[in-house]
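Here is the structure we will look at, set down as structure tokens.
The values are calculated or read from the model by the stated rules, or taken from the named source; none is laboratory data. Note that this is a predicted model, so its numbers are computed, not measured. Every residue, glycine as well, gets a Cβ built from its backbone with ideal geometry; the counts of neighbours run over all protein chains shown. Side chains are part of the model used for accessible areas, which takes the heavy atoms of the whole protein and leaves out ligands, DNA and RNA. Shrake-Rupley method; radii C 1.70, N 1.55, O 1.52, S 1.80 Å.
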Amino acid sequence: MNMYNFNVTIILILGIRLRMTAILLVICLSIKANDGTYLSRGSIIYPINETKISLVKEILSFSCADRVSQVNIYFEFNNPEQTERKVLIGFQAPYPGGDLQYRSRFTSKTQISNFKILKDGEILPFKLKAAKCEDCELKDTSEFVVDETFSGIYVYLFEVSFKPGINIINHSYDFPASNRVMRDEFYNYILKTGSKWANGSINDLTVQIDMGKKSYFYVSDVFPNTEKWTIIGSGLVTNKYFTDYKYSSRMVRILSGKLEITIKNFKPAENLEFGKMSDNSFIIYQLDTNLLTKNIFNAMISLKTNFKYNPEFTYNKEDLRILRNYVYAQHGYTFKSKDLQNYFSQFGWYLPDPNLTLDKIRLTDKEKKFIDEIINKEK
């Protein structure tokens, strides 16, 4: 079969969506595409199930820094047949739009970079195609004029030969973060497509999320209570949950290291989302509003004093003391004052480090400004 011959006869998803709602598709019917006009969302093609090749193992790793995620996925597939099977695979990326700034929409064909796919250690060649809609024919990208009116998807196409037995596929790429109301930084990944392989499940799934040192982030809890959540390094999987949109999410506090979730015989029914509510503050609207007064909550969640712009917010001496020490609490400082220690212990993110001294804390410029304004107000 010619690698780029589109007269093939089945569609099947390998499965990925992140910021670019990327999807691996194993294709055998005439190729069709997903519609997606914004970064972190998009519809899913639900194809005919694969009845022979099974997804034995998947290790999914995210490493996020400076609002860019490096993604690495390790797949093991089992072909039980005695003969080799060739399939055409497409990695799908929606047209960059939505919350992107206007100019950045036209700087590149997709927001994905460093795209690579390896089969048994060999880098595979690919071609980039495009389509206007979910049911539209794939065409050369040169056939489309990309401007503010364009809406569609891009697909990286490559061919894979599944030999009898275990086949190893490695996939990697980079993509930028999305944001929306109450989310400064978040990422998506389509898990549901794992159910499209033989047996309808991922036999052995590992998800690793590294959001950096001293981070506090949420992970949608889309697992059936048989999974294991652990910290590789130092940190805490908290008992703090909130429900927002359609998912229940769990908060994770990392001092140094990453989160690892493992599960066997996983039949994915929902997709994964994770991210930070705020780049500057650990306060969560869904969890902490009942613990704080309105003026303190607004100052903490934005790391702004609001002294100039919201004169109706009044702060007494104790309010200002709490706000000033809140910055140090986020760094994990152990307070000598019992009342401050008790106050911050009510938050799931507070992990006091008895070895941390004030001279070891490196404040950001925003934290410095926040503290300076409070000190001036206290004077």
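What do you reckon, is I168 surrounded by 18 or more Cβ atoms within 10 Å (Cβ to Cβ), touching a residue at least 12 places away in the same chain (Cβ under 8 Å), among the β-branched types (V, I, T) and closer than 30 Å to N79 by Cα? Criteria not met by I168. Counting only residues that are among the basic types (K, R) and under 20 Å from E318 (Cβ atoms), which one in the stretch 271-304 is most open to solvent (accessible area, probe 1.4 Å)? For the stretch 271-304, the residue satisfying everything is K294.
For the stretch 101-116, the count of residues that are assigned to a helix (DSSP H, G or I), of a type in the set (A, V, I, L, M) and at pLDDT 70 or above is zero.
From the list Y315, Y343, the one residue that fits, being open to solvent by less than 60 Å² (accessible area, probe 1.4 Å) and at pLDDT 90 or above, is Y343.
Restricted to the stretch 213-233, and to residues there that are charged (D, E, K, R) and out of contact with any Lys or Arg (no Cβ under 8 Å at 6 or more places or on another chain), the residue that is most open to solvent (accessible area, probe 1.4 Å) is K213.
Scanning the stretch 148-192 for residues that are of a type in the set (S, T, N, Q) and either at pLDDT 85 or above or in a strand (DSSP E or B) (or both) turns up S161, N167, N170, S172, S178, N179, N188. Tell me which residues, restricted to the stretch 246-285, are within 18 Å of G348 (Cα to Cα), part of a strand (DSSP E or B) and more than 18 Å from the chain's Cα centre (by Cα). L255, S256, listed by residue number. Here the stretch 195-241 is the region considered, the condition is being hydroxyl-bearing (S, T, Y) and farther than 23 Å from P352 by Cβ, and the residue that is nearest to the chain's Cα centre (by Cα) is S220. Determine whether the stretch 237-245 contains at least one residue that is open to solvent by less than 10 Å² (accessible area, probe 1.4 Å), in a strand (DSSP E or B), among the aromatic types (F, W, Y) and touching a Lys or Arg at 6+ places or on another chain (Cβ under 7 Å). The answer is no, given that none of the residues of the stretch 237-245 is open to solvent by less than 10 Å² (accessible area, probe 1.4 Å), in a strand (DSSP E or B), among the aromatic types (F, W, Y) and touching a Lys or Arg at 6+ places or on another chain (Cβ under 7 Å). Just so you know, in the stretch 63-100 the residues that are at pLDDT 85 or above and farther than 30 Å from G165 by Cα include one that is surrounded by the fewest Cβ atoms within 10 Å (Cβ to Cβ), and it is D66. For the criterion of being among the basic types (K, R), at pLDDT 80 or above and open to solvent by 20 Å² or more (accessible area, probe 1.4 Å), K196 fails. Among all positions in the stretch 195-209, there is at least one residue which is among the hydrophobic types (A, V, I, L, M, F, W, C) and over 24 Å from S69 (Cα atoms).
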